[in-house]
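The values are calculated or read from the model by the stated rules, or taken from the named source; none is laboratory data. Everything numeric here is computed off the predicted structure, so don't read it as measured data. Cβ: placed from backbone, ideal geometry, glycine included. Neighbour counts: every protein chain shown.
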Amino acid sequence: MVVNNNILGALKSAIARGHSIEEAMQTLINSGYPMNEIQEAAQYVQGGQQTQEQPQEFFQPEQPIQTQQPEITKKETLQEKMQKPRRGKFFIIFLILILVLLLGLLITTLIFKEKIAEIILNLFG
């Protein structure tokens, strides 16, 4: 019987912290480790006291096992949220620059309206 050292270390660590073997096994199941490897490691930790005849349903999670991928998706979503305000700031700055240019054009037109009218009349008149 080859025991997964990662699972074995996790079980020993959990027991050392005061958790039961069942709690440690459930945590490993929820983390996505294979059931048979967890049971082998638990047998090794318990000194072979656990038999294969124990019902596996006791250790089955109520919810489907979630992989690490949803956490990555959550991190990407968080990064996207952090980038959106940055894009929003650039967009606002861009709109303010356009507003300043249009206001400058309006003021210039009001100041030089007679000259602009004269130029237009000379072109089309």
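One residue stands out in the range 1-50 among those that are part of a loop (DSSP other than H, G, I, E, B) and among the β-branched types (Val, Ile, Thr): the one that is surrounded by the most Cβ atoms within 10 Å (Cβ to Cβ), namely Val3.
Candidates Gly104, Gly47: the one that is more than 33 Å from the chain's Cα centre (by Cα) and at pLDDT below 90 is Gly47.
Scoring Gln63 on the criteria (1) at pLDDT below 85; (2) assigned to a helix (DSSP H, G or I); (3) surrounded by fewer than 10 Cβ atoms within 10 Å (Cβ to Cβ) leaves a single failure, condition (2).
Scanning the range 20-33 for residues that are closer than 20 Å to Gly47 by Cβ and either among the acidic types (Asp, Glu) or under 29 Å from the mean Cα position of the chain (by Cα) (or both) yields a count of 5.
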